[in-house]
Every structure is written in structure tokens, then in C-alpha cells.
Amino acid sequence: MQTLNTPPSPASKTYSAVLTQSRHITPPSSPEEVLHLVFRTTDTAFDPDMGSCIRVYAPGQFGNRHHTRLYSIMDLERRGNSVEFAICVKRCSYIDDFNGEKYQGVASNYLCDLRPDDAIEFSGPISYPFVIPDDKTADILLLALGTGIAPFRNLIRQIYEKIGGWKGRVRLFYGAKSPLEMLYMNDENNDLANYFDQPTFKAFQAVSPKPHLDAPVALDQALEQNAAEVWEMLNRENTRVFVAGTENLLETIETAMIELAGTPEHWAAIHAELVASGRWSEVLY
């Protein structure tokens, strides 16, 4: 998953990794192209944790040597003297505000066009913003949009496979333009279905009512339909709220939360307490 395009530190150590696998996680009929990319590096100085991020150096434009983006490490496996890791990448494009022309996203298209044995340059690892609490009775509210699901897939796997015995509620609210774009929750790849039988885990999907008209994803409606439980979780002292997705996700969340709270002032107070106590974390791009 990519976050803000921040410049690399001059002192950052760079590594090289080779692409070993590229597979689609959106169905062929989906208008969106999202890939699960697996890389291998033999540089043993690279020592990441599951969920930490790497900064990928794509070829630059307009005289710049590099164009950088951050991506969350999805899967991680150490094999002898090598490290194998995966990232989730959506092929993106954007409209230039000045001339109205459509351009391909630099880093996403560079990565999506890679073929097995192609090499990338990257740095990291960079700290992971979503930390699983030590308290197994803590509730965790996950709010994701699009490729924002990437770090949460990893987090859910850690909770139920590595930690185990989780007693708190884990609630995932995930929005996409259509059911075809529900990453890791579609016919092409349904990894998150492995956790539907966990007694403390539930996932709620939200799609756009009219994706062809670019109507907003109905994530706020999904939250409002589960208002009682969401509000109860927000008011527990050990609840964590993790947010990942595009910047407009915050506006959608705020609309729903104000409805739950009754007034903008009440929600502002709850949100401020969550942030001040370190129980609200977000990654936006």
C-alpha cells in the first residue's frame, strides 16, 4: 500500500530485490488492476518485521533521478540467506489539474509492469503505524478503503495466526467501488475468508451504489448500520481505531461518526481523546 510521496533521507541505505511472483488479486472482469508482488533480496542487512514499510525508488521524471512511494510489507519469509516479502500495488492514473490530461501513476505503473527477475531499488524498513496492543481483550476497529486493506490483512493474520486467543472484538469496515474491487475478499483472492469463523472477527463490506457515476463508497452507511456496536467500541478505554486509505476516507468516517455521536462537537471530543491517548492511527495517501 502506498502512502505520501516523501523524499528519502540522504543517509538511507538502499537494497536491491528481484521480483519472483506477480499475480492479480482483482478478477479479470474488474476495471481496476491490483497486483500482489513478491520480491526476494539476498542482502541480509535488510531486517523487516511483518507490516513495516519499504520505500520503493521508481525511475524519476522531469530531471529527478527517483520517484518514491511507501508500501506496506504484506507477507514475509526468511529463506536461508535471503528475505522474501510481498506488497500490494494498484495501477493508478491521475488527472493533471493544470491541463486536464490523464497521466499514469509513476510508481504504481513501474511496479505493475515488472516481470519476474526484474530488480527494484528500495530502502527501509520503516516503522509500522498499526501496532497490535498487548491486551488481548482490546477491541480493534479497522476502517479501510481500496488498497488500505493491505496492512489490515497482515494485521488480522498476526492476531489470529501468530498471537492467537484474541478475546477483544476485531471489526473490519472495508469500502470499494464494486464487489469486484474487494481486495482479498473476491473470487480471485479471498484470503480474509480464512478468518470468518473466528468468534471475535467480523467484516463489513461497503460498495458504491453507482460506481459507474463515481458515487462515493457507502462506508458511512455500513458504520451507521452497525451504530450500536461501533459506538460502544469507541467508548471503551482499550479500543484501537486504525484507518487506511485515500484522504477522502476521513470525510466519510467523520460523516458517520457525527451521526453516531449526535453532534459534531461530541464526535470531536471523542476523536481528540482517541488521538491524545494514542488509540487512533491512520495512513492516508
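Values as computed for the structure displayed
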read-out	value
Residue list for segment 144-200, filter: of a type in the set (A, V, I, L, M, F, W, C), more than 21 Å from ASN248 (Cα to Cα), at pLDDT 85 or above and buried (at least 19 other Cβ atoms within 10 Å of the Cβ)	LEU155, ILE156, ILE159, TRP166, VAL170
Residue match in segment 229-242 (condition: of a type in the set (D, E, K, R), within 18 Å of the chain's Cα centre (by Cα), at pLDDT 90 or above and within 23 Å of PRO129 (Cα to Cα))	yes
LEU260 being under 17 Å from the mean Cα position of the chain (by Cα) and not aromatic (Phe, Trp, Tyr)	no
Qualifying residue in segment 230-237 (condition: crowded, with 18+ Cβ neighbours inside 10 Å, in contact with a Lys or Arg (Cβ under 9 Å, 6 or more places away or on another chain) and outside the structural domain of TYR71 (by TED's automatic domain parsing))	yes
Selected residue [modelled with pLDDT of 85 or more and surrounded by 12 or more Cβ atoms within 10 Å (Cβ to Cβ)] from ARG65, ARG115, ARG91	ARG91
Residue in segment 191-208 that is over 29 Å from CYS88 (Cα atoms) and in the same structural domain as ILE156 (by TED's automatic domain parsing) present	no
Sole exception among (1) over 20 Å from ALA244 (Cα atoms); (2) in contact with a helix residue (DSSP H, G or I) (Cβ under 8 Å, 6 or more places away or on another chain) for CYS112, by number	(2)
Within segment 1-34, tally of residues that are at pLDDT 95 or above and either farther than 20 Å from PHE46 by Cα or among the hydrophobic types (A, V, I, L, M, F, W, C) (or both)	4
Selection count where residues are under 13 Å from ILE140 (Cα atoms) and either not assigned by TED's automatic domain parsing to the domain that holds THR200 or not in a helix (DSSP H, G or I) (or both), scope segment 152-167	2
Residue tally, condition hydroxyl-bearing (Ser, Thr, Tyr) and out of contact with any strand residue (DSSP E or B) (no Cβ under 7 Å at 6 or more places or on another chain), over segment 129-159	1
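Conditions (1) of a type in the set (Gly, Ala, Ser); (2) touching a residue at least 24 places away in the same chain (Cβ under 8 Å), marked per residue:
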site	(1), (2)
GLN61	no, yes
ARG65	no, no
SER72	yes, yes
SER93	yes, no
GLY105	yes, no
ASN109	no, no
LEU114	no, yes
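The values are calculated or read from the model by the stated rules, or taken from the named source; none is laboratory data. Only a predicted model underlies this, so the values are computations on that prediction, with no experimental measurement involved. Heads up, the Cβs are rebuilt from the backbone with ideal geometry, glycines too, and the neighbour counts pull from every protein chain shown.
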